[in-house]
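To start, the structure under review is shown below, and the notes come after it.
The values are calculated or read from the model by the stated rules, or taken from the named source; none is laboratory data. If you're wondering where the values come from, they're calculated on a predicted model, not measured in any experiment. When we count neighbours, we look across all protein chains shown, and the Cβ atoms used for this are built from the backbone with ideal geometry, even at glycine. To get the accessible areas, we keep the full protein, side chains included, count just its heavy atoms, and leave off ligands, DNA and RNA. Shrake-Rupley method; radii C 1.70, N 1.55, O 1.52, S 1.80 Å.
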Number of protein chains: 2
Amino acid sequence: MTSALNATAASLLGFLHHGPMSGWDLAATAETVIGDFWSLTRSQVYRELASMADAGLVEAGERGRRDRQPYAITAAGRAAFAEWIDREPGSETIRFPLLLTVSFGRHLPPERLAAFLSAHRAAHEQRLAGYEQQRSLAEASGGADGYAMATLDFGLAYERAVLGWFDRLPELMPGG
Amino acid sequence: MTSALNATAASLLGFLHHGPMSGWDLAATAETVIGDFWSLTRSQVYRELASMADAGLVEAGERGRRDRQPYAITAAGRAAFAEWIDREPGSETIRFPLLLTVSFGRHLPPERLAAFLSAHRAAHEQRLAGYEQQRSLAEASGGADGYAMATLDFGLAYERAVLGWFDRLPELMPGG
DNA sequence: TAGAACATGTAACGGGTTACATGATTTG
DNA sequence: CAAATCATGTAACCCGTTACATGTTCTA
């Protein structure tokens, strides 16, 4: 048994269950499907694909147009994925720079802090709008994938909670 | 001008504004004050202190009991911190392994997924209870630090949103 | 006096991020 | 034909995490 997969590599294997894909496509798929709660870069994708190919979990196919290099999952890859997803998922990590800024807010002029907050609030409003649009589209097209709806609903709940927090801030903070 | 501080190092400088502290105390303070939205380990603390001492942002004092090594912030350190906190904070990153598991839920027997979910739900209930207790204590002791209340309120809102999501899951997911 | 808690640190690894370099194909 | 987009990759750095090693002081 080889050493355990990391979640990023495992996710790529997850996507490859649908059929062979190139690094570019995998990166794009990951961005749209899991990007809201699991970030990864193209660089990582190519690195993980290379290392999984070494380990026999994926196999490179013939290069196509634009030097496009498709990878297919192998039997060993399926086994490794199955092992990975059967393990207790770890708890989430959140790294929220804005909260650090708030936490050390006494070191900042109130207007400056307020400017940061309103910029971030706007960004979260946009993210919420994006999620709502996604949900509308999913509902309209009818073919509701329950698992995707579940993660989308998390995004909606999260963004609403964040916006609610922004709204309460003036009462909570000095000089609000 | 030296290269920009990372948020972890900057936070240590933030704490050192209250007076000299040892690595141990800084790690403990960080865990309680910003630990809910910014994780760091003791290892990092000692590494950042060493590198900030090299850069002249902190100064090691005389060793005390138990080989305790206090660090004090320097004028350059205050300047670096001021510069750091005046910059637009980046957007948050969330890495939520459970959502990956849900996202790839079709590859898992429903009972297994349900077990993961209920374990995580329990953990979040406990975190919410912890935050509520913190708030009670803060309110009882009267001396409400608005900035701390603001970050605590975020934690409360986040955990409530997560629990709400868990509650809606059965309706969203296949075999719920 | 034994064990818990305090305290400091090093070494190594894994992986996330950024920057850079290169070329193919499509589209205006 | 120029610009945009698609596509692959390498190199280097930073930093988060884990494991290990060592010694001190308090307290039951």
TODO: Sort out which residues of region B:1-13 are open to solvent by less than 30 Å² (accessible area, probe 1.4 Å) and either within 11 Å of DNA strand D (Cβ to nearest atom) or out of contact with any Leu (no Cβ under 8 Å at 6 or more places or on another chain) (or both), and write them in order of number.
DONE: B:Ala7, B:Thr8, B:Ala9, B:Ala10, B:Ser11, B:Leu12
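Which one of B:Gln134, B:Gln69 is more than 7 Å from chain A (Cβ to nearest Cβ) and either under 16 Å from A:Tyr158 (Cβ atoms) or touching a Ser or Thr at 6+ places or on another chain (Cβ under 8 Å) (or both)? Spell out the reasoning first.
Details: B:Gln134 fails: either under 16 Å from A:Tyr158 (Cβ atoms) or touching a Ser or Thr at 6+ places or on another chain (Cβ under 8 Å) (or both).
Every option except B:Gln69 fails the conditions.
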Open item on the list: Restricting to region A:137-150, count the residues that are small (Gly, Ala, Ser) and within 14 Å of another protein chain (Cβ to nearest Cβ).
Closed with: 6
TODO: Among the residues of region A:151-176, write down those that are in a helix (DSSP H, G or I) and more than 8 Å from every other protein chain (Cβ to nearest Cβ).
DONE: A:Leu152, A:Gly155, A:Leu156, A:Glu159, A:Leu163, A:Phe166, A:Asp167, A:Pro170, A:Glu171
TODO: Would you check if there is a residue in region A:11-21 being within 13 Å of DNA strand C (Cβ to nearest atom) and farther than 30 Å from B:Asp86 by Cα?
DONE: yes
Open item on the list: List the residue pairs whose Cβ atoms are under 8 Å apart, where the first residue sits in region B:20-46 and is free of Cβ contacts under 8 Å to residues at least 60 places away in the same chain and within 14 Å of DNA strand D (Cβ to nearest atom), the second is of a type in the set (A, V, I, L, M, F, W, C) and open to solvent by 30 Å² or more (accessible area, probe 1.4 Å), and the two are 6 or more positions apart or on different chains.
Closed with: B:Arg42/B:Trp24
Open item on the list: Suppose we filter B:Ala55, B:Ala75 for residues that are farther than 28 Å from B:Phe154 by Cβ and in contact with a helix residue (DSSP H, G or I) (Cβ under 8 Å, 6 or more places away or on another chain); which single one remains?
Closed with: B:Ala55
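Before we move on, is B:Arg127 without any contact (Cβ under 8 Å) to a residue 12 or more places away in the chain, closer than 17 Å to A:Glu92 by Cα and open to solvent by 50 Å² or more (accessible area, probe 1.4 Å)?
No, not satisfied.
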Task: Top-ranked residue of region B:148-168 - restricted to ones that are charged (D, E, K, R) and over 16 Å from A:Leu172 (Cα atoms), ranked as least open to solvent (accessible area, probe 1.4 Å) - done: B:Glu159
Open item on the list: Condition first: more than 14 Å from DNA strand D (Cβ to nearest atom) and closer than 30 Å to A:Gly146 by Cβ. Can you find one or more residues in region B:74-96 that meet it?
Closed with: yes
Task: region B:14-56, subset open to solvent by 20 Å² or more (accessible area, probe 1.4 Å) and of a type in the set (Phe, Trp, Tyr), residue nearest to B:Gln134 (Cα to Cα) - done: B:Trp38
Task: The lone exception for B:Glu88 - which of (1) open to solvent by 90 Å² or more (accessible area, probe 1.4 Å); (2) touching a residue at least 12 places away in the same chain (Cβ under 8 Å); (3) more than 9 Å from DNA strand C (Cβ to nearest atom); (4) of a type outside the set (Gly, Ala, Ser) it fails - done: (2)
